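Visitor: First the structure, which I've put down as structure tokens, then a few questions once you've had a look.
The values are calculated or read from the model by the stated rules, or taken from the named source; none is laboratory data. For clarity, every value in this text was computed on a predicted model and none was experimentally measured. Don't worry about glycine lacking a Cβ; one is built from the backbone with ideal geometry, like all the others, and counts go over all protein chains shown. Note: accessible area is taken over every heavy atom of the protein model, side chains too, but ligands, DNA and RNA are not part of it. Shrake-Rupley method; radii C 1.70, N 1.55, O 1.52, S 1.80 Å.
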Amino acid sequence: MIDVKNLTKRYVGRTAVDNISFQVGQGEIVGFLGPNGAGKTTTLRMLTSYLPPSSGTVSIAGFDVFRDSLKARKQIGYMPENVPLYEDMRVKEYLYFRAKLKGLSGKDMRERIGKVMDRCGVTDVRKKMISSLSKGYRQRVGLADTLVHAPQLLILDEPTNGLDPNQIRQVRELVKELGRDHTILISTHILPEVEATCDRVIIISEGKLRASDTPQNLVNRLRTAGTVSLEVKTDPAAATEKMKKVVGVRKVAKDSVSEDGWCRFTLRVEATCDVREELYNMAAANHWPLRELARHNATLEDVFVEVTQAEQV
Amino acid sequence: MRTFRILLAKELRSFFLSPIAYVVLALVMLFNGVAFYASVRILQTAPSEGSLVTWTFNSPWFYLSYFTIFPLITMRLFSEEQKLGTIETLLTAPVRTTEMIFSKYVATVIFYCVLWLPSLLNFCVFQWITRGMTEIPTGQLIGSYTIVLTMGLFNIAIGCFASSLTKNQIVAAILSFSMILLHFLLGAFMLYLSGQNNQQFAELTSYFASIQHIKSFASGLIDTRPIIYYVSFTALVLSLTHQVLDFRRWKT
Ligand SMILES: Nc1ncnc2c1ncn2[C@@H]1O[C@H](COP(=O)(O)OP(=O)(O)OP(=O)(O)O)[C@@H](O)[C@H]1O
Ligand SMILES: [Mg+2]
């Protein structure tokens, strides 16, 4: 569906996107992640033919984005960052305008607009001026616009930016539902959302491709997978020293010490071994009262941190 | 063509629904009304050469509207689109850059024509009230409105160009005002030089000097040279606008 080859974008004095290549297959939902300023928006703009690349090519459904621009654009529903909309139009009017631009007409168009308004939950604000909508509703109008011509491919740049938790959940459900018959490339900073919805994750940082795999594989491959949290009553300094010696523990961090002597620790541990038993034995042997011992599996967040700031882990 | 029509309809709609359109319309009606009234008074108090039409189109009030209309009606066109970011949604839909530019340009020209209708009505109403006792030379009217339209084509293109350069409407307005004023003054300067018996400028003047064009067209002399000059420069400035908008995409 999307085929990106050696894509590079240089701005004056800096390279925003540096020689990226990747593919997205038909029907995939792909999360596009990276820290602020990584070049996500720049990449998505090149995919949608808004920005021309400095070098490299992009093809969408077989059409080169710059040589067959109009045909490629017809395949895409693109929602830019911050959802730009015409403030002086009513919601329904805006959707009609956009639908006509994208080649719809007549009864087909009316039905389609009714459907997407329902799907995105904007039917009850259809007569309102766009300038009077709240951020969440603007976002939904933007989404309705991207869906209106039933494109094969959706490219969404931070669609959940600035939404409340309920709406984030709604968008997530919507994305999941749309994923059944669309290819979706979605950029976001909300990682649990990605874990829950995406088949694959692409992580970029400083314009370079850092990882591209399923969330599960990424987590499994992580060197420092998971943490163990531990709460014991003892002298923190001595306990830290002792725990550091346990095989499989990479890092011990003291979180807090309560007034009555309980210390909380978070231990980064390796993926392959479970150190809980040894920690328990250690506590028992040293007569440390123990009131919590739990293991947390690594999440995409850990992957993100590790991949994008490798030197700090 | 279909895309162009859809965009044109949208542009016209946002023109006629924006408050600024009515402010401009009121302003232009006021200026033209005063210009017309002043001319009537001049002809009433003393017999003088020139008709109602020539007096009206050479009055300072006419020039006031000439210099205020263009920045006001063009400043919004591309600046707003760039500020809101809607240019991104527009140009990632199947829309060509030329279609976007022409739809905005043509919509502005249509609005500009509407702005001048009341002043034309002034003449018609005057003729009707006085029951033809005053003669309003049709040739002069045709000449005046021809030059108003052709200069409009050119100045609106300049306004489009200024608006494509910046996100800020105020900056766009100031830019187009300066460019239009500069062009006008350049023409006046040429005229001055040719008045100094510099023969090589006399020929140039017939192309350049807006003030001369207005004078001669208002007296019914329709000259094709200025028309060609304005129309070809319109094409040039519009293609520059296209370059700017595309170049922007290359850079940012
Ligand atoms: N028009 C521009 N001119 C110069 N540099 C730019 C321009 N637009 C973006 N950049 C730079 O390119 C880099 C990538 O920006 P981009 O907007 O793609 O980041 P992003 O990954 O979308 O970040 P965020 O998560 O904050 O949205 C940034 O360092 C930014 O400063
Ligand atoms: Mg971004």
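Visitor: Six or more apart or on different chains, Cβ atoms under 6 Å: show the pairs whose first residue is in the range A:152-164 and in the same structural domain as residue A:77 (by TED's automatic domain parsing) and whose second is open to solvent by 20 Å² or more (accessible area, probe 1.4 Å) and within 13 Å of ligand 1 (Cβ to nearest atom).
Guide: From residues that are in the same structural domain as residue A:77 (by TED's automatic domain parsing), the pairs are A:157/A:41; A:157/A:81; A:158/A:81; A:160/A:190.
Visitor: Kindly indicate which of A:119, A:140, A:210, A:180 is part of a loop (DSSP other than H, G, I, E, B) and more than 16 Å from ligand 2 (Cβ to nearest atom).
Guide: None of the others qualify; the one that does is A:180.
Let's see how each residue does on (1) under 22 Å from residue A:162 (Cα atoms); (2) out of contact with any strand residue (DSSP E or B) (no Cβ under 9 Å at 6 or more places or on another chain):
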| site | (1), (2) |
| --- | --- |
| A:22 | no, no |
| A:37 | yes, no |
| A:43 | yes, no |
| A:63 | no, yes |
| A:69 | no, no |
| A:76 | no, no |
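Visitor: Could you tell me how many of the residues in the range B:1-13 are in a helix (DSSP H, G or I) and either surrounded by fewer than 16 Cβ atoms within 10 Å (Cβ to Cβ) or more than 9 Å from chain A (Cβ to nearest Cβ) (or both)?
Guide: Initially, the range B:1-13 is screened for residues in a helix (DSSP H, G or I), giving B:2-13.
Now drop any that are not either surrounded by fewer than 16 Cβ atoms within 10 Å (Cβ to Cβ) or more than 9 Å from chain A (Cβ to nearest Cβ) (or both), which leaves B:2, B:4-5, B:8-9, B:11-13.
Matching residues across the range B:1-13 total 8.
Visitor: Let me ask you something else. Which of the following residues is touching a residue at least 24 places away in the same chain (Cβ under 8 Å) and away from ligand 2 (no atom under 16 Å from the Cβ): A:65, A:91, A:83?
Guide: A:91
Visitor: I'm trying to understand the selection: among the residues of the range A:124-140, which are buried (at least 16 other Cβ atoms within 10 Å of the Cβ) and over 28 Å from the mean Cα position of the chain (by Cα)?
Guide: Matches in the range A:124-140: A:125, A:126.
Visitor: Related question: Go through the range B:17-54 and give me each residue that's out of contact with any Phe, Trp or Tyr (no Cβ under 8 Å at 6 or more places or on another chain) and under 17 Å from residue B:125 (Cβ atoms).
Guide: Correct list: B:29, B:30, B:33, B:37, B:41, B:44, B:51.
Visitor: Can you report the number of residues in the range B:216-249 which are of a type outside the set (Val, Ile, Thr), within 16 Å of residue B:155 (Cβ to Cβ) and open to solvent by 30 Å² or more (accessible area, probe 1.4 Å)?
Guide: Taking the range B:216-249 first, the residues of a type outside the set (Val, Ile, Thr) are B:216-221, B:223, B:225-226, B:229-230, B:232-233, B:235-236, B:238-240, B:242-243, B:245-249.
Still in the running and within 16 Å of residue B:155 (Cβ to Cβ): B:217, B:226, B:229-230, B:232-233, B:235-236, B:238, B:240.
This time we only want the ones that are open to solvent by 30 Å² or more (accessible area, probe 1.4 Å), so: B:232-233, B:235-236, B:240.
Here the count works out to 5.
Visitor: Applying the selection to the range B:132-153, what residues are of a type outside the set (Val, Ile, Thr) and open to solvent by 10 Å² or more (accessible area, probe 1.4 Å)?
Guide: Selection gives B:132, B:133, B:135, B:137, B:139, B:140, B:141, B:145, B:149, B:153.
Visitor: Name the strands (runs of 3 or more DSSP E) wholly inside the range A:1-50 in which the number of residues that are within 12 Å of ligand 1 (Cβ to nearest atom) is 3 or more.
Guide: A:2-11, A:14-24
Visitor: Hey, among A:117, A:109, A:79, A:89, which residue is within 24 Å of residue B:3 (Cα to Cα) and within 16 Å of ligand 1 (Cβ to nearest atom)? Lay out the reasoning, then the answer.
Guide: Working: A:117 fails: within 16 Å of ligand 1 (Cβ to nearest atom); A:109 fails: within 16 Å of ligand 1 (Cβ to nearest atom); A:89 fails: within 16 Å of ligand 1 (Cβ to nearest atom).
Testing whether each residue is within 24 Å of residue B:3 (Cα to Cα) and within 16 Å of ligand 1 (Cβ to nearest atom) leaves just A:79.
Visitor: Still on this structure, I have one more. Would you mind stating whether residue A:45 is free of Cβ contacts under 8 Å to residues at least 60 places away in the same chain, within 16 Å of ligand 2 (Cβ to nearest atom) and out of contact with any helix residue (DSSP H, G or I) (no Cβ under 9 Å at 6 or more places or on another chain)?
Guide: no
Visitor: Let me spell it out: the conditions are (1) out of contact with any helix residue (DSSP H, G or I) (no Cβ under 7 Å at 6 or more places or on another chain); (2) at pLDDT 80 or above, and residue B:222 meets all of them except one. Which number is the exception?
Guide: All conditions are met except number (1).
Per-residue answers, yes or no, for (1) under 30 Å from residue A:16 (Cα atoms); (2) outside the structural domain of residue A:31 (by TED's automatic domain parsing); (3) hydrophobic (A, V, I, L, M, F, W, C):
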position	(1), (2), (3)
A:190	yes, no, yes
A:205	yes, no, no
A:210	yes, no, no
A:216	yes, no, no
A:240	no, yes, no
A:252	no, yes, yes
A:258	no, yes, no
A:264	no, yes, no
A:276	no, yes, no
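Visitor: Whether any residue in the range A:149-172 is at positive phi and not aliphatic (A, V, I, L, M) is what I want to check. Working first, answer last.
Guide: At the first step, the residues of the range A:149-172 found to be at positive phi are A:150, A:158, A:162.
If we keep only those that are not aliphatic (A, V, I, L, M) as well, we get A:158, A:162.
For the range A:149-172, residues at positive phi and not aliphatic (A, V, I, L, M): present.
Residues are listed down the side, and each one gets a yes or a no for (1) part of a helix (DSSP H, G or I); (2) under 30 Å from residue A:174 (Cα atoms); (3) at pLDDT 80 or above:
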residue: A:204; (1), (2), (3): no, yes, yes
residue: A:220; (1), (2), (3): yes, yes, no
residue: A:228; (1), (2), (3): no, no, yes
residue: A:252; (1), (2), (3): no, no, yes
residue: A:274; (1), (2), (3): no, no, no
residue: A:279; (1), (2), (3): yes, no, yes
residue: A:295; (1), (2), (3): no, no, yes
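Per-residue answers, yes or no, for (1) within 14 Å of chain B (Cβ to nearest Cβ); (2) open to solvent by 50 Å² or more (accessible area, probe 1.4 Å); (3) of a type in the set (S, T, N, Q):
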{"position": "A:6", "(1), (2), (3)": "no, yes, yes"}
{"position": "A:10", "(1), (2), (3)": "yes, yes, no"}
{"position": "A:36", "(1), (2), (3)": "no, yes, yes"}
{"position": "A:41", "(1), (2), (3)": "yes, no, yes"}
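Visitor: For the range A:46-87, how many residues meet the condition of being open to solvent by less than 30 Å² (accessible area, probe 1.4 Å) and within 11 Å of chain B (Cβ to nearest Cβ)?
Guide: Residues that pass the stated criteria total 20.
Visitor: Any chance the range A:147-164 includes a residue that's part of a helix (DSSP H, G or I), away from ligand 2 (no atom under 16 Å from the Cβ) and surrounded by 18 or more Cβ atoms within 10 Å (Cβ to Cβ)? Let's see the steps before the verdict.
Guide: Keep residues of the range A:147-164 that are part of a helix (DSSP H, G or I), which gives A:147.
With the extra rule that they be away from ligand 2 (no atom under 16 Å from the Cβ), the set shrinks to A:147.
Applying the additional criterion that residues be surrounded by 18 or more Cβ atoms within 10 Å (Cβ to Cβ) yields A:147.
Within the range A:147-164, one or more residues are part of a helix (DSSP H, G or I), away from ligand 2 (no atom under 16 Å from the Cβ) and surrounded by 18 or more Cβ atoms within 10 Å (Cβ to Cβ).
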